[in-house]
Amino acid sequence: MTEVRQIFDAFMSPGSVTERLHFFVAAYSAADRTSQLGGNAEEGEDIERLEPTIDEALDMIRDGRIRDGKTIILL
């Protein structure tokens, strides 16, 4: 198992909500996957896994395919 490292935490909207997010990074490989698509079917998870390069991900921000603030901050 690879090391999971917290890189920072942040309040998404200080002053209006108390939600605090913790951001983590870790290296992984195909051998670490527990299912073909992602998620645990027994727990009702339906996760779509995307694995763009960093340049592709930044393009996805620019063209609006990624609009989630947490994902943008992490990238």
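For this structure, a couple of remarks:
- Residues located in the range 14-38, provided they are surrounded by 10 or more Cβ atoms within 10 Å (Cβ to Cβ) and either hydroxyl-bearing (Ser, Thr, Tyr) or over 23 Å from Ile73 (Cα atoms) (or both): Tyr28, Asp32, Arg33, Ser35, Leu37
- In the set (1) surrounded by fewer than 10 Cβ atoms within 10 Å (Cβ to Cβ); (2) outside any strand (DSSP E or B); (3) within 13 Å of the chain's Cα centre (by Cα), the condition left unmet by Gln6 is number (2).
Residue-by-condition table, conditions (1) under 24 Å from Ala10 (Cβ atoms); (2) in contact (Cβ under 8 Å) with a residue 12 or more places away in the chain; (3) touching an Asp or Glu at 6+ places or on another chain (Cβ under 8 Å); (4) hydroxyl-bearing (Ser, Thr, Tyr):
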{"position": "Ala26", "(1), (2), (3), (4)": "yes, yes, yes, no"}
{"position": "Ser35", "(1), (2), (3), (4)": "no, no, no, yes"}
{"position": "Glu42", "(1), (2), (3), (4)": "no, no, no, no"}
{"position": "Asp46", "(1), (2), (3), (4)": "no, no, no, no"}
{"position": "Glu51", "(1), (2), (3), (4)": "no, no, no, no"}
{"position": "Leu58", "(1), (2), (3), (4)": "yes, yes, no, no"}
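- Per this entry, Arg20 is counted among residues that are of a type in the set (Lys, Arg) and at pLDDT 90 or above.
- Each residue in the range 26-59 was checked for being acidic (Asp, Glu) and within 22 Å of Gln6 (Cα to Cα), and 2 of them qualify.
The values are calculated or read from the model by the stated rules, or taken from the named source; none is laboratory data. Every value quoted in this text rests on a predicted model; they were computed, and no experiment measured them. All Cβ positions, glycine included, derive from the backbone under ideal geometry; neighbour counts span all protein chains shown.
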